[in-house]
Amino acid sequence: MKCRYTLAFDIYHSVFDINSFHQQENLLPLSFYLSPMTYIEQIRPEHTWHLRQQVLYPQSKLSEMKMDEDDNGLHFAAFKDNLIVGVVSLFPRGDDYQFRKFAVDERVQGMGIGRELLNYITNFTALNGGKRLWCNARVSAIGFYLKADFTHTGRLFSKHGFDYEILEKTISDVQMNSNK
C-alpha cells in the first residue's frame, strides 16, 4: 500500500487541504487527526475484536470475533483520548474493496466518527486504485450509508439473525476532493 509515513493533521486548527496533498503526493497518512484528541490509524486485526464484539455482537464471545479473512485485510481505528472508539476492516480484491465489521462505540455515535472512518477508507480505496467500495449493510444502518452516497443494489439477505443489503459506491478520480 502507499502508506509511507505518519502525518498528523488537525482539522480544527489547520487550513492545509490534506485531500489535495495526498492526491498530489499519492500518500496516505498512517494517522489522521480529526480533532485535537481524535485520530484514525491503521491497526492490527486483534485490536478490532473488542469493539466488534461490544457493538455488533454483544451476545457473542470475544474469541468468536476473529475472522479467517482478518490476516488478509487492512484494519483501521478511530481513537478518542487514546481509546479505540471506532473500527472498520477493509478487504481489497483487485479494484474492488469490501469493508466489514464497521463499529463505533455507542457512547460516541452521532459525533461524526463513523462518517470520518468511512471517508478515510473511501480515500484509501481511491488512492490505491479501487473502483468500487461495498459492504453488507445491516438494514438498520442503510440510512447512514445512503448519506455517504452509497447506492442500493437490491441484493438482500439474512445472516445470524440480522437483515442485510449489499450497498456500493463507485469510486471516481474526483472522489478524494468530495470527501471533506
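Of all alpha-carbon pairs in the stretch 114-164, indicate the percentage at a distance above 14 angstrom.
Tail of the P(r) past 14 Å holds 57 percent of the pairs.
Show me 117-124, 56-63 ranked by packing, highest mean number of other Cβ atoms within 10 Å first. Mind showing how you got there, number by number?
Working: 117-124: 23.0, 56-63: 10.9.
Per-residue mean Cβ counts within 10 Å order the peptides as 117-124, 56-63.
Would you mind ranking Leu133, Leu156 by Cβ crowding within 10 Å, fewest neighbours first? If you can, show how the numbers build up before the last one.
Values: Leu133 24, Leu156 11.
Neighbour counts put them in this order, fewest first: Leu156, Leu133.
Hey, any idea what the orientation-averaged projected area of the convex hull of the stretch 40-154's Cα atoms comes to, in nm²?
Averaged projected area of the stretch 40-154's Cα convex hull equals 7.4 nm².
Every number in this text was worked out from the coordinates using simple rules, so none of it is lab data. Here the structure is a predicted model, which means the values were calculated and not measured. Glycine gets a Cβ as well: all are built from the backbone with ideal geometry, and neighbour counts include every protein chain shown.
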